[in-house]
1. FRET efficiency for Asp74 and Cys133, Cβ-Cβ distance as r, R0 = 25 Å, nearest 0.05?
2. Report the full-extension gain for the segment Arg342 to Glu253: residue separation times 0.36 nm, less the Cα-Cα distance, to one decimal in nm.
3. Give the residue from Gly367, Leu378, Ala190 lying farthest towards the positive end of the charge dipole for the chain; charges sit on Cβ (+1 for Lys and Arg, -1 for Asp and Glu) and the dipole is referred to the Cα centre.
4. Ranked from highest to lowest mean number of other Cβ atoms within 10 Å per residue, what is the order of the peptides 52-61, 334-343?
5. Pairs of Cα atoms under 8 Å, at least six residues apart: use those to get the relative contact order of the stretch 84-151, whole percent.
6. For the chain, modelled as a GNM with alpha-carbon contacts under 10 angstrom, which of Gly315, Gly144, Gly226 fluctuates the most?
7. Report the gain in length on full extension from Ser67 to Glu47: 0.36 nm times residue separation, minus Cα-Cα distance, nm rounded to one decimal.
8. Taking the Cα centre of the stretch 238-368 as origin, work out the dipole magnitude from +1 charges on Lys and Arg Cβ and -1 charges on Asp and Glu Cβ, in debye rounded to 20.
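The values are calculated or read from the model by the stated rules, or taken from the named source; none is laboratory data. Treat the numbers as computed from the prediction; the structure is a model and nothing was measured. All Cβ positions, even for glycine, are placed from backbone atoms using ideal geometry, and neighbour counts span all protein chains on display. All accessible areas refer to the heavy atoms of the entire protein, side chains included, with ligands and DNA or RNA removed. Shrake-Rupley method; radii C 1.70, N 1.55, O 1.52, S 1.80 Å.
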Amino acid sequence: MATRILGIESSCDETAAAVVADGREILSNVVASQISVHRKYGGVVPELASREHLRSIVPVVREALESAGLTLRDIDAVGVTYGPGLVGSLLVGLTYGKTVANALGKPLIGVNHLEGHVRAVFLEAFRSGRAPCLPAVCLIVSGGHTMLYEVAADGPAESLSAVPLRYRKIGQTRDDAAGEAYDKVAKLLALGYPGGPIIDRLVAHATGIVSPNGESIDFSAAKIRGNVYDFSFSGIKTAVLYYVRAHPELQAEIEERRCALTRGERSAEKLLPLCSAQTLRLLVSFQKRVVAELVTRTLQAAEEIAAQSILVSGGVAANNELRSSFERDAERRSLPVFFPSRELSTDNAAMIAAAAYPKLLAAQFAGWDLNAEPVLPLA
Ligand code: KG4
Ligand code: ZN
């Protein structure tokens with residue numbers, strides 16, 4: 001009979017629960033987003049996030065069980081994120097997970113959120129009947145993280161849902177995460193929160209509006225001393241800020257968009273007519289630079305370690321230009337690239353349940369004293 005793990009995730013601003021069978025088959029995957037709560041602040045407010053997790057955790061777990069057609073008694077173990085993340089947020093999911101596991105007399109498994117993002121790629125690959133060959137280079141790119149890891153394991157690709165993965169850190173951001181840069185640029189230009197999805201859509205719509213022969217805004221590549229696989233995104237964010245300061249003619253449309261957002265008009269269709277060609281060019285250039293930083297370093301790292309595949313995960317992995325750039329540039333090198341679906345790219349609990357499965361098989365159970373670890377490294 002299948003082994004069913006209840007996964008719980010509450011490290012940032014999504015309360016999530018899921019049931020996954022044998023580390024590969026998603027029976028349910030429920031995510032309660034807090035975007036509407038944090039939107040007016042343009043970023044996650046930790047105290048509000050904890051409060052929302054408290055409100056949502058019970059109904060979200062209940063819904064995950066119901067939509068899997070199961071009850072708590074059908075669960076074999078509870079996998080829960082214990083770091084990295086916001087301590088108050090982590091504690092809600094962790095305390096609830098411990099309570100459920102203890103009451104049921106089932107094992108508790110602590111999961112690193114970053115390992116969850118890696119496992120999300122495998123979950124998606126299994127779903128489509130593929131499996132990445134290892135070693136791989138994995139880019140985790142979200143609102144909180146921009147990390148590059150080497151991922152290795154023993155055993156054939158098809159069995160990877162059941163075996164532990166080994167990680168080596170190759171690089172990481174020195175300042176902002178890539179998603180954070182998207183969110184800050186969107187805030188500066190009054191494009192709403194979160195910034196990634198709206199900038200992604202506006203840039204896609206901009207093709208055809210922004211003439212290729214028009215004035216281009218070039219942002220230079222980040223200069224990194226030391227580890228060439230580290231990232232930096234604060235420079236590009238500041239470059240956008242200086243551009244806006246140097247072009248006061250942009251203020252009127254920024255104000256118009258601010259009013260539109262206040263009226264709840266936040267879709268690309270509503271905001272696009274309020275963006276001048278100059279603003280669209282700015283967004284095109286910003287995204288081009290961010291994508292180039294991510295793709296170039298990842299491909300260089302893949303070459304250096306002779307990786308067999310590339311894995312890309314985290315909220316920013318949903319980005320259309322990032323996906324097409326990776327596919328185009330990696331294909332040229334005959335390297336397969338694996339992404340999770342958009343729903344598995346952003347924070348979810350199916351990836352946490354999947355990451356818990358090999359630990360359950362290896363009897364790596366957590367004690368009842370498992371604590372939240374806001375700065376938990378993966379490697
Ligand atoms: O993984 P995630 O849900 O949460 C964190 O762990 O941070 O990622 C959220 C981040 C936000 O910064 C959001 O702006 C970004 O991912 N994001 C995107 C896209 N969708 C979400 N960035 C670029 N393009 C997208 N399509
Ligand atoms: Zn995440």
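1. Details: r = 34 Å, r/R0 = 1.37.
It comes to 0.15.
2. 29.0 nm
3. Ala190
4. On the way: 52-61: 20.1, 334-343: 17.6.
With the highest mean Cβ count within 10 Å placed first, the list reads 52-61, 334-343.
5. Working: 38 pairs, mean separation 13.5, N = 68.
With pairs under 8 Å counted, the relative contact order is 20 percent.
6. Gly226
7. Working: separation 20, 0.36 × 20 = 7.20 nm, distance 2.99 nm.
Fully extending the segment from Ser67 to Glu47 adds 4.2 nm.
8. Working: 16 positive and 15 negative charges, 14 e Å.
The calculated dipole for the stretch 238-368 is roughly 60 debye.
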